[in-house]
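The values are calculated or read from the model by the stated rules, or taken from the named source; none is laboratory data. From a predicted model like this one, the values you see are computed outputs, not experimental measurements. Here the Cβ positions follow ideal geometry from the backbone for every residue, glycine too, while neighbour counts run over all protein chains shown.
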Amino acid sequence: MDKSKKTRIEAAAFRRLMEHLRTHSEVQNIDLMNLADFCRNCLSKWYKKAAEDEGIELDYETAREIIYGMPYSEWKNKYQKEMSFEKSEKFKSKKN
């Protein structure tokens, strides 16, 4: 497989991942962090860094809007639930 095709396939898979996360807003970022050690915010940071590596200035909020498919504040108001004590403790225990 040549580099161009590989890049197109990777980009398509990434777009599918973003769409999947947008479709499954019931999955909270804390759930992703506790299970997979990354979340939508991590993807936003990686996206921002990749843009910067290409010489493109991109602020974090714009990167979040790209990943979330809407401004983060809107997503948070629509979908984010209060974190349970159990989820918080699980996250804290992973940091130690």
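Summary table below
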quantity: Long-range neighbours under 8 Å by Cβ, at least six apart or interchain, first residue modelled with pLDDT of 95 or more within the stretch 40-59, second exposed (fewer than 15 other Cβ atoms within 10 Å of the Cβ) and among the aromatic types (Phe, Trp, Tyr); calculated: Ser44/Tyr60; Lys45/Tyr60; Lys48/Tyr60
quantity: Meets criteria (at pLDDT 95 or above, not charged (D, E, K, R) and not in a helix (DSSP H, G or I)) for Leu17; calculated: no
quantity: Condition met for Asn77 (in contact (Cβ under 8 Å) with a residue 60 or more places away in the chain and among the polar types (S, T, N, Q)); calculated: no
quantity: Residues satisfying the stated conditions in the stretch 37-52, i.e. part of a helix (DSSP H, G or I) and aromatic (Phe, Trp, Tyr); calculated: Trp46, Tyr47
quantity: Some residue of the stretch 24-32 being farther than 18 Å from Met83 by Cβ, surrounded by fewer than 10 Cβ atoms within 10 Å (Cβ to Cβ) and not hydrophobic (A, V, I, L, M, F, W, C); calculated: no
quantity: All positions within the stretch 25-76 that are under 23 Å from Ser88 (Cβ atoms) and of a type in the set (Phe, Trp, Tyr); calculated: Phe38, Tyr68, Tyr72, Trp75
quantity: Whichever residue in the stretch 45-75 is surrounded by 13 or more Cβ atoms within 10 Å (Cβ to Cβ) and of a type in the set (Lys, Arg) and, among such residues, is farthest from Asn34 (Cα to Cα); calculated: Lys48
